[in-house]
Amino acid sequence: MRLRAMLRALRLIGPRKALRAVGYTLLRDRLDFRLPPAGPFLPPGNIREATSASGGGCFRFTRGELEVRFLAPDLVRVTWGRGLLPIPYAIARDDWLPVETSWRRAGEGYALASSELEVVVEADGGLTFRDPAGRTLRREFPPRRRRREWVHWAELRPEEHLYGLGERAAPLNLRGGEYCMWNSDPLGGYGPGVDPLYLGIPVYLGLHQEGSYLLFYENSYRAVFRFKDLARVYFPGGSLRYYFIPGPPERALRRYTELTGRPPLPPRWALGYHQSRWGYREQEEVRTLLKKFLDHDLPLSVIHLDIDYMDGFRVFTVDRSRFPDLLALARELAEHGVRLVAILDPGVKRDPEYDLFREGLESGHFCTLPNGAVLYALVWPGWCAFPDFTDPVVRAWWGKQYSRLLEWGIAGFWHDMNEPSVHTDWGDSTFPLPTRHVMEGRGGDHREAHNLYGLLMNQAAYEGLCQQRPDVRPFLLSRSGWAGLQRYAWNWTGDTESTWEALQQTIPTVLGLGLSGIPYTGPDIGGFSGRPSAELYTRWFQLATFLPFFRTHSAWDVPPREPWTWGEPVLSIVREFLRLRYRLMPYLYTLAWETSRTGHPLVRPLFWPDGRDPALWDVQDAFLLGEALLVAPVLEEGARSRRVTLPAGRWYDFWEEAVYRGPGTVSVPAPLECIPLLVRAGSVLPMEEEGRLALHLYPPEGSEGGGLLYSDAGDGYGPWRLERFHLRQTGDALEMAWETEGDYPFPWSDVRLFLHGVRAGRLWIDGREFGPVRRVVETGPFRLLRLEGPEFCGDAGR
Ligand code: MIG
């Protein structure tokens, strides 16, 4: 294993760098060395004293203390002391209203209850969580402790499924595996099974027959989660503080993102298509790239600049010999609606001529070793120093630097290597564990700060950008982070392999991130590290069309990968999917607005919203995009149809007039030109076509349905408008009422109505008769559509 990792590192960074890294790697080994702790792990003993407090209680045990506090009726915080309390980097809200709770003796222990949750504290420190109907959602054993280490156990029901933990190259259901919380760069290309990855989050969702819940450990140390018969979690330090939220996934995620923050509305362009490659080395190359997109009639929103635009890889600089006039280039791109996003690494080149390095050094902004010396490690620029983002002064300083690139016309920033990741020859490719961190002034080391590093780099950037451009929504893309990252940045899934297995892994990884509060993510289309075949690229592209982050990117040592690389039919298929993505923009943007208010992922598992149907708990080859769409990508070479597991209800084929019925599994055609895409009965799907609003109406299964449509200027914080569509089936008529809220003017020239699944009936709009129903109706905005005596198309017999 070690040898393989060494060879990979060697290939990635090259023999010269690998040789230079030996010294650093040995230093890290020496500093990290500690005798393994000895002695037994002990439980807390028995309750000695119990004090009820408003919204909770405190319990003194023979060894240790417990605080249980309700922050909301369905949000309880549990803290086992004594241990170092976390700095609330993950937490976005602390102004909770008092919660009415009751308190009673329960056997030898105590029971605390709100209107939505009962927590029983047993005499030995075991905890049981029950819903108001008395169903047990979770039972925990007394935690065990050995000096600074903790082990926390909970029972798992036999059928219990677990999801989340941030970014994982694991099955959707995490039961049966072991997962490490230590943000890591797997170096150069990973496939299913590799753990840990760049963005771990100690949050998970448990789903079983009695109900569901969400659990978040506010502890940033290198935890190990084991989900076998029991859930066993090990923390090497910090306090054992966690939050328990009962309820279905939809409600739990809403609460969790109230606690850790909601993702702000991104600029609309970020939802478009991004083209990237490690190796666009010159201004002319970028210009040619744009020209080819225009020539091939391919829509494009963003071009990414990887490390080659920098001057000797110095962060916040531009190489003037290769990019002589970046601002002119940015303006030229802007004329075609294309933005530039530039990569930034946290490492600052050790170069006394470089002002950023000098400033950082003089002001003591860099991380230091226990002896007070600045920590230097190797990354692309050679030896680098690293800003200590756990220091508010450093965050403010770093945040100011973005103006240097804003002045060059850069519209968004791509944060790489912020696990943090440095070049080593073996072992952990990060800082030595005793590296010092300011931790808001209270001090700490890398054991605690490591997993927070990426999060805080993004906080620094976000706050800096908001200050410098208060009227522009920041766009940040980050490889690493922690709980709360959603407040600042998007994510991509890093250096994946170019294999069918890696394509398959994309769905569970993206779903798991969404259930961990990170809604905006997506893969490098085609995989980062290899050469996808035309078919693999096509299928990957089709899948990614329905993911929030939609970007092609690849390594420097693989052939260029633009949509025209494979000629026909790939080019035409990609063009159609690109167009579809842009046609779906009103729907996607509305979902983005919704997630800014609910924290709900855009991309959801089939068991969303409530997890009641166990047949859907393991589905990881399809996903929901919002409420209306079910996407079933093709994940196997040569497949020209596939089986699709359906949640209950009618599902309309997006491409043709076919209807399927769930629950159950159906076979759906999937020629190379398309993938199964189904629309839930009762949806109103807003799309855009050449400046027109296209409203696609799918008759409801029961009596009601509908949809939303949010619009605004696409950036900034100005006026907005919201259209609400209500579908209602009454007696012998189908009605759609359209209500509007907000001041932003209606942004479309007119409206095109598509009536799906209706064979016959008479159409009325705002009291005017339109005659017999047609598939397409041209109109303007209206208030009431009425379809009298509708006849609906039947189910496809598959
Ligand atoms: O050590 O900037 O995941 O997207 O192209 C590799 C070069 C550093 C890793 C990122 C990848 C990026 C690459 N970076």
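The values are calculated or read from the model by the stated rules, or taken from the named source; none is laboratory data. Quick caveat, the model's predicted, so the values are computed rather than measured. Reconstructed Cβ throughout: ideal geometry from the backbone, glycine too, with neighbour counts over all protein chains shown. Ligands, DNA and RNA are excluded from the accessible area calculation, which covers all protein heavy atoms including side chains. Shrake-Rupley method; radii C 1.70, N 1.55, O 1.52, S 1.80 Å.
Values for this structure:
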read-out	value
Trypsin sites (Lys or Arg not before Pro) within the range 49-98, DSSP loop, no more than 15 other Cβ atoms inside 10 Å	63, 82, 93
Gap separating the Cα centres of the range 492-557 and the range 18-96, nearest whole Å	35 Å
From phi via Karplus (6.51, -1.76, 1.60), per-residue ³J(HN,Hα) for the range 14-26 in Hz, x at Gly/Pro	x, x, 5, 5, 4, 5, 5, 7, 4, x, 4, 4, 5
Shape category assigned to the chain from the gyration tensor of Cα positions, a/c cut at 1.5	oblate
Cα centroid separation, the range 196-218 to the range 730-798 (Å)	42 Å
Cα-centred dipole magnitude for the range 709-798, charges only on beta-carbon of K, R (+1) and D, E (-1), debye, nearest 20	400 debye
Cα gyration tensor shape for the range 246-376, rounded if a/c is under 1.5, else prolate or oblate	oblate
Sequence of 100, 407, 285 from largest to smallest accessible area, 1.4 Å probe	100, 407, 285
Alpha carbon centroid spacing (whole Å) that separates the range 358-426 from the range 108-128	46 Å
Estimated vicinal HN-Hα couplings, Hz - the range 784-792 in sequence order (Karplus 6.51, -1.76, 1.60; Gly, Pro = x)	9, 10, 9, 10, 8, x, x, 10, 9
Set of lysines with alpha-carbon distance to residue 17 below 25 Å, sequence-local pairs under 8 removed	349
Proximal charge balance of residue 572 [Cβ under 14 Å; K/R count +1, D/E count -1]	-2
Amide hydrogen neighbours beyond the local backbone of residue 496, cut-off 5 Å, H modeled	190, 524, 528, 529
Check: the chain dipole with +1 on Lys, Arg Cβ and -1 on Asp, Glu Cβ, in debye	1780 debye
Solvent accessible area, Å² - residue 423, 1.4 Å probe, full protein context	10 Å²
Pair residue 363, residue 30: separation of 7 Å Cα→Cβ label points (nm)	3.2 nm
Listed residue (52, 699, 363) projecting farthest to the positive dipole end of the chain, Cβ model	52
Proximal charge balance of residue 261 [Cβ under 15 Å; K/R count +1, D/E count -1]	+1
Under 5 Å, built H, 5+ apart or other chain: amide partners of residue 318	311
Charge-dipole axis of the chain as Lys and Arg at +1 and Asp and Glu at -1 on Cβ define it, positive-most pick from 587, 161, 606	161
Size of charge dipole - the range 102-221 - debye, nearest 20, with Cβ of Lys, Arg +1 and Asp, Glu -1, no other charges	340 debye
Accessible-area ranking of 308, 297, largest first, probe 1.4 Å	297, 308
Solvent-accessible area, 1.4 Å probe, carbon plus sulfur percent, for the range 193-343	45 percent
³J(HN,Hα) computed for each position of the range 216-225 - Karplus, 6.51 cos²θ - 1.76 cosθ + 1.60, integer Hz, glycine/proline x	10, 8, 8, 8, 9, 5, 6, 7, 10, 9
Residue 334-residue 442 pseudo-label distance in nm [points 7 Å out on the Cα-to-Cβ vector]	4.4 nm
Cα-projected label distance for residue 52 with residue 533, points at 7 Å along beta-carbon direction, nm	6.9 nm
Rounded accessible area of residue 439 (nearest 10 Å², 1.4 Å probe)	0 Å²
Cα shape, the range 72-138, gyration tensor, a/c 1.5 rule	oblate
Mean residue ellipticity (222 nm) of the chain, computed from DSSP H runs ≥ 4 via -39,500 (n - 2.57), nearest 500	-6500 deg cm²/dmol
Accessible heavy-atom area order of 643, 604, highest first, probe of 1.4 Å	643, 604
Given charges at Cβ of Lys, Arg, Asp, Glu: the range 51-161 dipole, positive-most of 110, 71, 84	84
